[in-house]
Amino acid sequence: MPSNFRRLRAPLLAAIAAASLSACIGLGGKTPPFLLTLDADAAPSAGTARTASEAATLTILIPTAPQKLRTTRIPVQQDDSSVAYVKDAQWVEAPQRLFQRLVSETVSARTSRVVLDEGQYLTAPGEQLAGQLMEFGVDARTNEAVVVYQAMLVSAGGKTVTQRRFEAREAIGTAVEAKPVGEALTRAANKVAIDVTGWIGG
């Protein structure tokens, strides 16, 4: 191996490794100043034990979502056909998963139900809450955060299916920026979660 190549090989490999690492952790070319998450207004008390028969459990599934929500960015609906994204705003994980967890926390805190997610049930999932997260972003026309959830409650054994649409809007109040948008979406998501809990009952 030529000596000149040997001298260049190590720095070259280091540069390639650094570039690969940057590509893995890069967030759209620029890391946002902070990552957003959803916090439930109510959470179950630590140490609380609950027991339910297999058919009496409630499994809350991660909702499906349209393409514009299958990203960690926050969409801004500018008009009927145009979508942009909030600058420097990014969720810590997919909004469908955040919303599913928030609904689970809310149902657990406000009812006596034994709540599972789709990775926890061992045999039959009991009653199931599925659905579609249809909107989870900003309506620029009204300057509001909007959450729309089309819920589907499937009885144990799948004999009956009940659907209901839930919607909540919260004013952003300032410019469309990461922090006020995240706070408004959290408030709207909690309102929807509370309404869903009231609908499920128990």
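The values are calculated or read from the model by the stated rules, or taken from the named source; none is laboratory data. Computed from a prediction, not measured in an experiment: that's the story for all the values here. With ideal geometry, Cβ positions are generated from the backbone for all residues, glycine too; neighbour counts draw on all protein chains shown. Surface areas here come from the heavy atoms of the whole protein model, side chains and all, with no ligands, DNA or RNA. Shrake-Rupley method; radii C 1.70, N 1.55, O 1.52, S 1.80 Å.
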Practice item. Tell me, please, whether a residue that is among the charged types (D, E, K, R), under 30 Å from Val154 (Cα atoms) and at pLDDT 50 or above can be found in the range 77-97. Key: yes
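Would you mention how many residues in the range 111-143 are within 17 Å of Arg187 (Cβ to Cβ) and either open to solvent by 40 Å² or more (accessible area, probe 1.4 Å) or of a type in the set (Asp, Glu) (or both)?
Of all residues in the range 111-143, those within 17 Å of Arg187 (Cβ to Cβ) come to 133, 135-139, 142-143.
Next, only the ones that are either open to solvent by 40 Å² or more (accessible area, probe 1.4 Å) or of a type in the set (Asp, Glu) (or both) stay: 135, 139, 142-143.
Counting residues in the range 111-143 that are within 17 Å of Arg187 (Cβ to Cβ) and either open to solvent by 40 Å² or more (accessible area, probe 1.4 Å) or of a type in the set (Asp, Glu) (or both) gives 4.
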Flagged in the range 147-185 as touching a Leu at 6+ places or on another chain (Cβ under 9 Å), closer than 21 Å to Ile200 by Cα and open to solvent by less than 50 Å² (accessible area, probe 1.4 Å), in numbering order, are Val147, Val148, Tyr149, Gln150, Ala151, Leu153, Val154
So, first residue of a type outside the set (Phe, Trp, Tyr) in the range 173-202, second residue in a helix (DSSP H, G or I) and open to solvent by 70 Å² or more (accessible area, probe 1.4 Å), Cβ within less than 7 Å, six or more apart or across chains; the pairs are Thr197/Arg110
From the option list Ala109, Ala94, Ala84, Ala65, single residue qualifying as aliphatic (A, V, I, L, M) and farther than 30 Å from Arg141 by Cβ is Ala109
So, first residue outside any loop (DSSP other than H, G, I, E, B) in the range 70-81, second residue open to solvent by 40 Å² or more (accessible area, probe 1.4 Å) and not charged (D, E, K, R), Cβ within less than 8 Å, six or more apart or across chains; the pairs are Pro75/Val83; Pro75/Tyr85; Val76/Val83; Val76/Tyr85; Val76/Ala140; Val76/Val176; Gln77/Val83; Gln77/Ala140
